[in-house]
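The structure under discussion appears below in the form of structure tokens.
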Amino acid sequence: MLLLNRRKTLLAATALMFGAVGCGFTPVYAPGGTGEALFNQIEVVAPEKIKTRNTVAAFALVRALEERLGRGGSTYALDLTLSQRSEGQAITAENEITRFSIEGRSDYTLTRRSDGVIVASGTVNNFTGYSATGSTVETLAGERDAEQRLMVILADQIVTRLLSTDLTAAPTE
């Protein structure tokens, strides 16, 4: 009886997989896919030109984006803004904060340089946390690490949205 259920499950999964092929689904990194069209084609704005109060975070965000998208392309320009704030999360009875979260937000705009058309734009946000229960050095190291992780998370979200963009579609106005 259990074997019959496994067969039905496998048959259903196979049918679903072949059904997805006929629906126009194209893998992002396949030849002709969005991944190939964007890799090494995007110039990410210089970190010092990103509107933010934290230039270290801006450098980390740009580095993470360039690791995923390549560097120095001339077909598209990616402009960014970045904001973040820290907030206490765990407070003891003695009113001491033992855990912080860093909330980050980045607005992005991908512009095609040939005609100035905005191909994609949006906002991504997320958070990371760190503990403040150790020494001052441990807390500062935790904060820096949390900030670096947050920039990687934001970069991953931006890249995911860019890779899901239909570059051939006419721009919406």
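The values are calculated or read from the model by the stated rules, or taken from the named source; none is laboratory data. Because the structure is a prediction, the values reported are computed rather than measured. Here the Cβ positions follow ideal geometry from the backbone for every residue, glycine too, while neighbour counts run over all protein chains shown. When the accessible area is computed, the model is the full protein with side chains, heavy atoms only, and any ligands, DNA or RNA have been set aside. Shrake-Rupley method; radii C 1.70, N 1.55, O 1.52, S 1.80 Å.
Every residue, every condition in (1) more than 20 Å from the chain's Cα centre (by Cα); (2) touching a residue at least 60 places away in the same chain (Cβ under 8 Å); (3) part of a strand (DSSP E or B), yes or no:
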{"residue": "T81", "(1), (2), (3)": "no, no, yes"}
{"residue": "E87", "(1), (2), (3)": "yes, no, yes"}
{"residue": "T109", "(1), (2), (3)": "no, no, yes"}
{"residue": "V124", "(1), (2), (3)": "no, no, yes"}
{"residue": "T128", "(1), (2), (3)": "no, no, yes"}
{"residue": "T133", "(1), (2), (3)": "yes, no, no"}
{"residue": "E138", "(1), (2), (3)": "yes, no, no"}
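Would region 50-71 turn up any residue that is within 18 Å of the chain's Cα centre (by Cα), farther than 20 Å from D107 by Cα, among the hydrophobic types (A, V, I, L, M, F, W, C) and surrounded by 12 or more Cβ atoms within 10 Å (Cβ to Cβ)? Scanning region 50-71 turns up no residue that is within 18 Å of the chain's Cα centre (by Cα), farther than 20 Å from D107 by Cα, among the hydrophobic types (A, V, I, L, M, F, W, C) and surrounded by 12 or more Cβ atoms within 10 Å (Cβ to Cβ).
Every residue, every condition in (1) out of contact with any helix residue (DSSP H, G or I) (no Cβ under 9 Å at 6 or more places or on another chain); (2) at pLDDT 90 or above; (3) open to solvent by 30 Å² or more (accessible area, probe 1.4 Å), yes or no:
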| site | (1), (2), (3) |
| --- | --- |
| T75 | no, yes, yes |
| S83 | yes, yes, yes |
| Q89 | yes, no, yes |
| A93 | yes, no, yes |
| E96 | yes, no, yes |
| E103 | no, yes, yes |
| D107 | yes, yes, yes |
| T123 | yes, yes, yes |
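Count of region 133-142 residues, restricted to those that are modelled with pLDDT of 90 or more and open to solvent by less than 40 Å² (accessible area, probe 1.4 Å), is 1.
Among the residues of region 155-164, not a single one is in contact with a helix residue (DSSP H, G or I) (Cβ under 8 Å, 6 or more places away or on another chain), touching a residue at least 12 places away in the same chain (Cβ under 8 Å) and more than 19 Å from G35 (Cα to Cα). Would you check if there is a residue in region 143-160 being open to solvent by 60 Å² or more (accessible area, probe 1.4 Å) and among the aliphatic types (A, V, I, L, M)? Checking region 143-160: not a single residue is open to solvent by 60 Å² or more (accessible area, probe 1.4 Å) and among the aliphatic types (A, V, I, L, M).
When the test is whether a residue is small (G, A, S) and out of contact with any Leu (no Cβ under 8 Å at 6 or more places or on another chain), S164 passes it.
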